[in-house]
Amino acid sequence: MTLNEIWEKARGMMGPNCQVCPVCDGRACRGKIPGVGAMGDGSAWTACTEYLKRVKIRMDTVHEAWDPDASCELFGVKLASPLCLAPIGGLNGYNYNGAVSTADWSMMAVEGAKAAGVLPFTGDGAGGQFQEGLDAASAHGGFDVPTVKPWRDNAKLIRRALRAAEAGCPAVACDIDAAAFANMGSAVNTVGPKSVDELREVVEALPIPFIVKGVMTAEGALKCAEAGCAGIVVSTHGGRVMTDAQATAEVLPEIRAAVGDALTIIVDGAIRTGADIFKVLALGADAAMIGRPFVVAAHGGGAGGVKLYADTRRAELEYMMTMANCPDIASITRDKVAIV
Ligand SMILES: Cc1cc2nc3c(=O)[nH]c(=O)nc-3n(C[C@H](O)[C@H](O)[C@H](O)COP(=O)(O)O)c2cc1C
């Protein structure tokens, strides 16, 4: 199956929650939560799309780098390209319409990602979706980064994170930007922000690296480094946790400048092409993360659709590396792009 055929098939399956737009840019689903949209006016998502358009790749084809190498290593895992699948929850009729269950999506995501050599993250929520991600991880030798909600009860966060370590996962994450989520069960305030001391408590309890997902400032990143975290995901949860946020690509350079090599930096938000991956690497990220399009790929093509989507993005990235004289990932530096 081609990606076009996969998208066509998914279009017949995913309505009304996701309209499977040719370009997944948040306009058709603006404000739809539950659903797949960004919060309110959708501005935290569209800001990412608009900013990435302003970043231009500087062409240089006078060189001898015929076969660019997009491979890299993240948290000790060798990957074919610096790409991660975002954790996406609520498939069972909350965000998506239930045509694919959370269990099946988790399995397709992990299987497809492993086959393509990219790193999957799975999610957490009030329902059973943390277990479903862990099941997928266990079925694939722990090839997954389970992402725990910032449960106000830090002991609950630690208990869940430890289960990721037991499943053999290379790292575990926490989507701290879900701090103000209202839908995490019936009790009020079941999730919340985390102090440096609480993050340090998680780090010290874990035998594997801890990643904080949803950091948008140099100050926040420095606090994660102070707590001993191994990495961060620069993210606004796909624009779902607030309006009026800056674009993720916009804040990347100041975050990288502040933390240096102390943290592995992943970034998400409206990244859709290999060119977008190239741009965020040039702005300071170690890897890019993509969310919603992978769910479409899984609906229309299962694990094979996930792999094809990831392989296509890798081929586009390699193409851009040739066009910009970048033989390897380390050579995608700030001078390779211009912001207009
Ligand atoms: C429907 C939906 C559900 C999501 N669920 C989670 C989740 O459970 N945990 C999490 O860390 N992020 C979650 N996210 C955020 C994604 O991991 C990711 O940050 C975002 O989708 C990336 O942007 P993109 O979809 O534009 O590529 C969710 C996003 C969507 C659209």
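Each value in this text was obtained by applying a stated rule to the coordinates, not by laboratory testing. Every value quoted in this text rests on a predicted model; they were computed, and no experiment measured them. Counting neighbours? That spans all protein chains shown, and the Cβs are built from the backbone with ideal geometry, glycine included.
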Q.
Give me the extension gain from MET323 to LYS78: residue separation times 0.36 nm, minus the current Cα-Cα distance, reported in nm with one decimal.
A. 85.7 nm
Q: Counting only C-alpha contacts under 8 Å and six or more residues apart, can you give the relative contact order of the chain as a whole percent?
A: 24 percent
Q. Between ALA180 and GLU5, how many nm apart are label points set 7 Å from Cα along the C-beta direction?
A. 4.6 nm
**Q.** VAL148 long-range amide H proximity, modeled H, under 5 Å
**A.** ALA173, CYS174, ASP175
Q: Please list the radius of gyration and Dmax for the range 294-340, considering alpha-carbon atoms only, with Å as the unit.
A: 14.3, 39
**Q.** the range 187-267, Cα convex hull volume normalised per residue, Å³
**A.** 107 Å³
Q. Amide H to amide H, which residues 5 or more places from VAL337 or on other chains are under 5 Å from it, using H placed in the peptide plane?
A. ARG58
Q. Got a sec? How would THR322, THR2 order by Cβ neighbour count within 10 Å, fewest to most?
A. THR2, THR322
Q) Thinking of the range 46-104 as a set of Cα atoms, what percent of all their pairs are more than 17 Å apart? A) 71 percent
Q. For the range 271-321, with equal point scatterers placed on the C-alpha atoms only and solvent neglected, what are the log10 I(q)/I(0) values from the Debye formula at q = 0.23, 0.25, 0.29, 0.30 1/Å, to two decimals?
A. -0.81, -0.90, -1.06, -1.09
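Please report Rg over Rh for the chain, where both radii come from the alpha carbon positions and Rh follows the Kirkwood definition.
Result for the chain is an Rg/Rh of 0.94.
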Q. Can you give the Kirkwood hydrodynamic radius for the range 241-340, in Å, rounded to one decimal and based on Cα pairs?
A. 14.5 Å
Q) Rounded if a/c is under 1.5, else prolate if a/b is larger than b/c, else oblate: which is the range 32-79, with a ≥ b ≥ c the root eigenvalues of its Cα gyration tensor? A) oblate
Q | Estimated translational D of the range 234-294 in µm²/s (Stokes, Kirkwood radius over Cα pairs; 20 °C; 1.002 mPa s) | A | 181 µm²/s
Q: Report the Cys residues of the chain lacking a disulfide-compatible partner, meaning no second Cys Cβ under 4.7 Å from their Cβ.
A: CYS18, CYS21, CYS24, CYS29, CYS48, CYS72, CYS84, CYS169, CYS174, CYS326
(Q) Modelling each spin label as a point 7 Å along the Cα-to-Cβ direction, I'd like the THR273/LYS156 distance in nm, to one decimal. (A) 4.3 nm
Q. In whole Hz, what ³J(HN,Hα) sequence does the range 217-222 give by Karplus (6.51, -1.76, 1.60; θ = phi - 60°), x for Gly and Pro?
A. 9, 4, 4, x, 5, 5
Q: Quick one: divide the alpha-carbon radius of gyration of the range 92-131 by 2.2 N^0.38 Å and tell me what you get.
A: 1.22
Q) Net charge near VAL337, counting Lys/Arg +1 and Asp/Glu -1 over other residues with Cβ under 14 Å of its Cβ? A) +4
Q. Scaled to the compact-protein estimate 2.2 N^0.38 Å, what is the alpha-carbon radius of gyration of the range 30-165, rounded to two decimal places?
A. 1.27
Q.
In whole Hz and in residue order, list the ³J(HN,Hα) couplings for the range 45-57 that follow from phi through the Karplus curve 6.51 cos²θ - 1.76 cosθ + 1.60, θ = phi - 60°; x for Gly and Pro.
A. 7, 4, 4, 5, 4, 5, 5, 4, 5, 7, 8, 10, 8
Q | the range 92-183 - percent relative contact order, Cα under 8 Å, separation 6 or more | A | 24 percent
Q: For the chain, please report how many Lys pairs fall under 23 Å Cα to Cα, leaving out neighbours fewer than 8 apart on the same chain.
A: 26
Q. What residue among VAL212, VAL23, VAL118 shows peak mean-square fluctuation when the chain is described by a Gaussian network model with Cα springs under 10 Å?
A. VAL23
Q.
Using Stokes-Einstein with the Kirkwood hydrodynamic radius over Cα pairs, what translational diffusion coefficient do you get for the range 1-99 at 4 °C and a viscosity of 1.567 mPa s, in µm²/s rounded to a whole number?
A. 77 µm²/s
